[in-house]
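Presented below is the structure to which this report refers.
Bear in mind that the values in this text are calculations on the coordinates, not laboratory data. Since we're looking at a predicted model, the values are computed, not measured. So basically every Cβ, Gly included, is an ideal-geometry build from the backbone, and we count neighbours across all protein chains shown.
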Amino acid sequence: MKNKDFEQDSCKTNDLDENPEDIEELINYLKALPRCDKHILNPLRFYQIESSEQLLRQLLHESNNDVEVSSKQSEFNPCIGSISIEGGDVVIHDIQMFAKAIEYADNLDIHPLSNGNIRVTLTFHKMAIPVRDKTNL
């Protein structure tokens, strides 16, 4: 009986698609969840992210003039860092160097944007390590 209920539910349109205000409510709920406020930077992981960013900048500088590369730490989870590449044409000629640049990324996403650009995002987990004590277990 559960499978039948699941099949019926999976055929319905997602409520978040029909009610965008629910997305805002979900985001506010997630922001309000308790989380660890103390973190220690993982030096090895930080070095890997920094090296990846430098390699990507070098690769893209050789073939692209209108591409922006940026890096940041997640505002929702300080343990996650990311590198974003955005531009009209993202062209990479040296595939071996690109493979080396993304080697330590945990995830790679490529999205077309509504302004005609392409965004490539690499995420890196365990950039920082939460410090837990008795008050935030």
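Once you charge only the Cβ atoms, +1 for Lys and Arg and -1 for Asp and Glu, what is the size of the charge dipole of the range 38-136 about its Cα centre, to the nearest 20 debye?
Working: 9 positive and 13 negative charges, 131 e Å.
Using Cβ point charges on Lys, Arg, Asp and Glu, the range 38-136 gives about 620 debye.
Out of 52, 79, 105, whose Cα points farthest toward the positive end of the dipole of the range 38-136 (charges: +1 Lys, Arg; -1 Asp, Glu; placed on Cβ)?
The one lying farthest along the dipole's positive direction is 79.
Ranked from highest to lowest mean number of other Cβ atoms within 10 Å per residue, what is the order of the peptides 122-130, 80-88?
80-88, 122-130
Can you list residues from other chains, or at least 5 along the same chain, whose modelled amide H is less than 5 Å from the amide H of residue 119?
Amide H neighbours of residue 119: 111, 113.
Could the peptides 111-121, 48-58, 94-104 be put in order, highest first, of the mean number of other beta-carbon atoms found within 10 Å of their residues?
Details: 111-121: 11.8, 48-58: 17.1, 94-104: 13.5.
Top to bottom by mean Cβ count within 10 Å: 48-58, 94-104, 111-121.
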